[in-house]
Amino acid sequence: MNHSIVYSNVRINESTHSLRFFMESPVHPGQFIMIWAPGIGEIPISFSSVNNPVEITVKIYGEPSKYIANLMPGEKIFYRGPYGRPFTGVTGKKLIIGAGTGIAPLMPLVDNMTSGILSAKTKNDLIFTDRIKNLYVVTDDGTLGIKGFAVDALKQMDINEFDMIYVCGPEIMMKSVYDYLLNKTDRVEFSLERPMKCGIGICDSCSINGIQVCRDGPVFSIKDLKNMDEFGRTRLSFSGKRIYL
Amino acid sequence: MNHSIVYSNVRINESTHSLRFFMESPVHPGQFIMIWAPGIGEIPISFSSVNNPVEITVKIYGEPSKYIANLMPGEKIFYRGPYGRPFTGVTGKKLIIGAGTGIAPLMPLVDNMTSGILSAKTKNDLIFTDRIKNLYVVTDDGTLGIKGFAVDALKQMDINEFDMIYVCGPEIMMKSVYDYLLNKTDRVEFSLERPMKCGIGICDSCSINGIQVCRDGPVFSIKDLKNMDEFGRTRLSFSGKRIYL
Amino acid sequence: MNLNVDIGIKISNPFILASGILDENGYTMKRILENGAAAVVTKSIGTSERQGYNPPIIYENDPVFLNAVGLSNPGIDNFKDEVKIALESGRPVIGSIFGKDAPEFSELAKKMESYGVSAIELNLSCPHVNGYGMEVGSDPDLVYEIVSEVKSRVKIPVFSKLSPNTSNILEEAKAAEKSDALVLINTLKGMEIDIASKKPVLSNVYGGLSGKCIKPVGIRYVYEVKKETGKTVIGVGGIENVNDAIEYIMAGASAVQIGTAIYRHGIKIFNELNSGLIEYMDKNGISNINDMIGVAIA
Amino acid sequence: MNLNVDIGIKISNPFILASGILDENGYTMKRILENGAAAVVTKSIGTSERQGYNPPIIYENDPVFLNAVGLSNPGIDNFKDEVKIALESGRPVIGSIFGKDAPEFSELAKKMESYGVSAIELNLSCPHVNGYGMEVGSDPDLVYEIVSEVKSRVKIPVFSKLSPNTSNILEEAKAAEKSDALVLINTLKGMEIDIASKKPVLSNVYGGLSGKCIKPVGIRYVYEVKKETGKTVIGVGGIENVNDAIEYIMAGASAVQIGTAIYRHGIKIFNELNSGLIEYMDKNGISNINDMIGVAIA
């Protein structure tokens, strides 16, 4: 097991922390690591910055994430990875579309040519609003920005303006973006989130149509997804039981 | 297990064969390999030439050596190695002193600056007499050359003439050479022959004063041997029983 | 050139996906069957849904590979649809099952049979779940009873996957002798500790060692069992390339299963093994794979 | 900083030469004792001279390391002088012995004691010689009898080296509970086949797997036995560097034995382990090695 020393820990909203630490292996936007809370558990976490000290952003939703979010500077952080196929980089205008903490893996793509659609249930769930210059905010409850869903903001934009669109969030949100963009452009990449146990392509927990999200993804192009009829429709639970989304 | 294909097999006297084959790893004078006769056994054999196709010279004295001596061109020859610390090369005049097939590992050292003392029980046991220009032959029974032992020929020579003296043969013969050369010169190297099983320094069969002949040797300088009081005196048998030479 | 082998069922090449790797989702099994595997063995399925252990469920530090998934499975009733999806490939699915006694195994086997699997693999050897697997498999009388009862209740062939965590494999093999084939070996019980955190690396502490470390153990069990019993053997444990597979076949395996190697080589390993085997047989003038089975046995 | 540990005898650091590696010739044991090993365990010695197997007795193909030396030894009477030479180092020698029953073990232990060894290690677990080792060690009643009788006949501590080739290590440990320490683990039975010649690579066919492949198995046995019995444990199996040694100590080992690693690292590994341990303890503020023993046990 690798470990590094926590460099900083910033609480960015009530239940979300960004931690920085140094990694020896190079990390690319869209990759993830498995972070280990010794004696507690292990979870996959994306990078919100890939430059050393790299940054991960973790929302507290269970014991391992709670342990990780509470790691203080100077403490050891245990991990394996980085894993996964990264986003395709482009020069030119980019649009990122993220829901909730799903925006985190898109943050390494942000530069001064990047626009963003950032959606959340409510105002207080929004993160990284200060890091994106051309930002369109959407909330389910209308407490900030447009009231509605990410795809509603997208529909108001000219997608041909962008050299690449990157999407990350709950699969149901990504499916609505996918459905809207299908046959409009091929320059879209999605970062899928499915329950991961092994992180290295053998346990079948995160598979979609025979493809392992952890190993062959998590980034897939809109063209890849055309061949995956499990996308937005069905997945396996932690036990392996088929769930219909 | 590595294997190569026998390139040639030349019978050089009644019970001795020289086989050539190609090896990928570079081989240095004085090193050896463990040759495997599948289903029969395995023995250490020295190189009589280290240039590809390398040459090994094997005297038949048991089932594995019989199998190896009878390998025909085109057949597979199985081995592991090369192993062992090689002779120190010198430019200048060299003297090699070998008894019986003990001359074989010295052959890669032979060039036109090399003299040799070659001893054997009897004329028919002599090998490689054609490969050394300045050759002094000694036989126990006087059937060729001087009647006597290798050291008797050595005593008639001016050892200061040589930049290095290399010795290989039964330990008792090497001990007599060692005793004669001790305090006369430090420029002497001996290749020890002790029963080897593992060939890689762990089974303790070939050890001498805590040093593993297969791994730390088989080549030792006369200075090394000064600290080894087992040399020429005692060794372990195949079972591990102490034998006094 | 004939690559067909008979392990109670006839399969088109000797390469089978091992139980526990990429065989929980029907679509994954289907994809593997469409990419060179002659058959797949499903994840081990029990009578009811089971979450298994929390991550970390695997630990990898070459050459060591440990897992403790903990028999997570959706339960036999929920697994019907996955088998159905896998069978769309047109290739055989082998249903792996685990239980605590003969009635449980029998019920599971009958349901698997009704789902259309071609054979049953009895998991008598999972090393890291109390009350199942190895604990069942190390009781010869219980193994005998399970195998006998399952054999009497289903028409399809029954394989027994045995444990290497034993002092007497021949006794195990004897207890399972009514099986159509013996699958050797399951993982070796093992664990690792991370010294920086002073904690075991798996949440379950103990796991199963697989991959290249256990190949010599697997080869030995296959060789010994084939030599002493003559039964049909399916080899598994540390096969990373075609030479490893040939080694198992020469030791006496009629077919082999591939699991951990997928981590390093991906699903494409099945096509690579097939082309590698054809190349080997071609080069060595072997026209029938069956001529290679057990040739190393003295 | 305290590196002394107590395993029934007090030794100056936790690093011991394992039985079977460079411990046949007294001069070699002496050299190893003078180069950092706190103690050496001799080659296993029987009542009479024994040739062992013909080469090949070892097979190495990283990470696999197999041996089948076959208990070659000069017989107990011929071994007296080797112990004497080793003892010139002034450090403790542990006499390893093998036999077929309690009277044989007792006779051997008494002679070893008379030669001046500090402790006896009972080899109850060699995996590749019929009638000895594992065959003796897998019979709990026989183990109990052997340990009891040897304990009653010698005054020095008695260690039992147990087999990993078992389905129930705790039963083995229970049978050997009168021992002053348990040595875990011996090698795992294994074999390899050379596919080009279609022959097993060892002349004895079966051998013992050692080295890095078996470390997770050794860690597991040490952890499980320490946790469940609390007995003094000496860890052995795949220790290649100081981190491996620390892992065994955290799993519950009071000392560790080094064998196969000498192939890759040479005798100098003992000095390297000592300096590595001092560096580790220094960096982590640990003043007494005994504070590390078993800290990973939950």
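Among all residues of the stretch A:201-215, there is none that is surrounded by fewer than 21 Cβ atoms within 10 Å (Cβ to Cβ), out of contact with any His (no Cβ under 9 Å at 6 or more places or on another chain), modelled with pLDDT of 95 or more and of a type in the set (Ser, Thr, Tyr). The residues listed here are C:80, C:10, C:30; of these, the one that is more than 25 Å from residue C:185 (Cα to Cα) and over 15 Å from the mean Cα position of the chain (by Cα) is C:80. Residues in the stretch C:172-213 that are among the acidic types (Asp, Glu) and more than 10 Å from chain D (Cβ to nearest Cβ) were compared, and the one that is nearest to residue C:115 (Cα to Cα) is C:180.
Residue by residue, here is whether (1) within 30 Å of residue A:176 (Cα to Cα); (2) touching a Ser or Thr at 6+ places or on another chain (Cβ under 8 Å); (3) touching a residue at least 40 places away in the same chain (Cβ under 8 Å); (4) within 13 Å of chain C (Cβ to nearest Cβ) holds:
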{"position": "A:10", "(1), (2), (3), (4)": "no, yes, no, no"}
{"position": "A:13", "(1), (2), (3), (4)": "yes, no, yes, no"}
{"position": "A:16", "(1), (2), (3), (4)": "yes, yes, yes, no"}
{"position": "A:47", "(1), (2), (3), (4)": "yes, no, yes, no"}
{"position": "A:64", "(1), (2), (3), (4)": "no, no, no, yes"}
{"position": "A:69", "(1), (2), (3), (4)": "no, yes, yes, no"}
{"position": "A:84", "(1), (2), (3), (4)": "yes, no, yes, no"}
{"position": "A:92", "(1), (2), (3), (4)": "yes, no, yes, no"}
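If only residues of the stretch D:246-271 that are charged (D, E, K, R) and without any contact (Cβ under 8 Å) to a residue 60 or more places away in the chain are counted, the one that is nearest to residue D:231 (Cα to Cα) is D:247. Screening D:105, D:79 for residues that are surrounded by 20 or more Cβ atoms within 10 Å (Cβ to Cβ), part of a helix (DSSP H, G or I), at the interface with another protein chain (Cβ under 9 Å from one of its Cβ atoms) and touching a helix residue (DSSP H, G or I) at 6+ places or on another chain (Cβ under 8 Å) leaves exactly one candidate, D:79. Note on the stretch B:36-62: residues that are more than 22 Å from residue D:194 (Cβ to Cβ) and of a type in the set (A, V, I, L, M, F, W, C) total 3. Taking the conditions exactly as written (touching a residue at least 60 places away in the same chain (Cβ under 8 Å), away from chain D (no Cβ under 14 Å) and more than 25 Å from residue B:196 (Cα to Cα)), does residue B:113 satisfy them or not? Considered against the rule, which asks whether it is touching a residue at least 60 places away in the same chain (Cβ under 8 Å), away from chain D (no Cβ under 14 Å) and more than 25 Å from residue B:196 (Cα to Cα), residue B:113 comes out as no. Restricting to the stretch D:1-31, name every residue that is over 19 Å from residue D:239 (Cβ atoms) and in contact with a Cys (Cβ under 9 Å, 6 or more places away or on another chain). The answer is D:24, and nothing else. Of all residues in the stretch A:92-113, those satisfying the criterion of being over 15 Å from residue A:189 (Cα atoms) and more than 16 Å from the chain's Cα centre (by Cα) are A:92, A:111, A:112, A:113.
Scanning the stretch A:186-206 for residues that are within 14 Å of residue C:26 (Cα to Cα) and either more than 14 Å from chain C (Cβ to nearest Cβ) or within 17 Å of the chain's Cα centre (by Cα) (or both) yields one hit, A:206. For the stretch C:1-32, taking the residues that are within 15 Å of residue C:87 (Cα to Cα) and hydroxyl-bearing (Ser, Thr, Tyr), the one that is surrounded by the most Cβ atoms within 10 Å (Cβ to Cβ) is identified as C:28. For the stretch D:90-101, the criterion of being aromatic (Phe, Trp, Tyr) and more than 24 Å from residue D:177 (Cα to Cα) is met by no residue. Counting only residues that are surrounded by fewer than 13 Cβ atoms within 10 Å (Cβ to Cβ), closer than 27 Å to residue C:21 by Cα and not charged (D, E, K, R), the stretch C:264-298 holds 1 of them. May I ask you to verify whether residue B:166 is more than 11 Å from chain D (Cβ to nearest Cβ), in contact with a strand residue (DSSP E or B) (Cβ under 9 Å, 6 or more places away or on another chain) and either aromatic (Phe, Trp, Tyr) or in contact (Cβ under 8 Å) with a residue 24 or more places away in the chain (or both)? Yes.
Within the option set B:149, B:231, being away from chain D (no Cβ under 14 Å) and aromatic (Phe, Trp, Tyr) holds for one residue only, B:149. Filter the stretch C:262-286 for residues that are more than 10 Å from every other protein chain (Cβ to nearest Cβ) and assigned to a loop (DSSP other than H, G, I, E, B); which is farthest from residue C:93 (Cα to Cα)? Ranking the qualifying residues of the stretch C:262-286, first place goes to C:285.
Annotation for the stretch A:62-72: at least one member residue is within 16 Å of the chain's Cα centre (by Cα) and either of a type in the set (Ser, Thr, Tyr) or buried (at least 20 other Cβ atoms within 10 Å of the Cβ) (or both).
The residues in the stretch A:156-197 that are under 19 Å from residue A:48 (Cα atoms) and aromatic (Phe, Trp, Tyr) can be counted, and the count is 2. Screening the candidates A:183, A:227, A:160 for the property of being under 17 Å from residue A:95 (Cβ atoms), of a type outside the set (Asp, Glu) and exposed (fewer than 15 other Cβ atoms within 10 Å of the Cβ) yields one hit, A:160. Tell me yes or no: at least one residue of the stretch A:193-212 is touching a Ser or Thr at 6+ places or on another chain (Cβ under 6 Å), polar (S, T, N, Q) and more than 19 Å from residue A:115 (Cα to Cα). Taking every residue of the stretch A:193-212 in turn, at least one turns out to be touching a Ser or Thr at 6+ places or on another chain (Cβ under 6 Å), polar (S, T, N, Q) and more than 19 Å from residue A:115 (Cα to Cα).
Selection of strands (runs of 3 or more DSSP E) fully inside the stretch A:184-245 by the criterion of at least 2 residues being free of Cβ contacts under 8 Å to residues at least 12 places away in the same chain returns A:242-244. Looking at the stretch C:87-96, is at least one residue of a type outside the set (A, V, I, L, M) and in a helix (DSSP H, G or I)? No, because not a single residue in the stretch C:87-96 is of a type outside the set (A, V, I, L, M) and in a helix (DSSP H, G or I).
A quick yes/no check of all residues on (1) among the aromatic types (Phe, Trp, Tyr); (2) part of a helix (DSSP H, G or I); (3) more than 8 Å from chain A (Cβ to nearest Cβ); (4) in contact (Cβ under 8 Å) with a residue 12 or more places away in the chain:
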| position | (1), (2), (3), (4) |
| --- | --- |
| C:23 | no, no, no, yes |
| C:28 | no, yes, no, no |
| C:37 | no, no, yes, yes |
| C:47 | no, no, yes, yes |
| C:65 | yes, no, yes, yes |
| C:71 | no, no, yes, yes |
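The values are calculated or read from the model by the stated rules, or taken from the named source; none is laboratory data. Just so it is clear, the structure is predicted and the values come from calculations on it, not from any experiment. With ideal geometry, Cβ positions are generated from the backbone for all residues, glycine too; neighbour counts draw on all protein chains shown.
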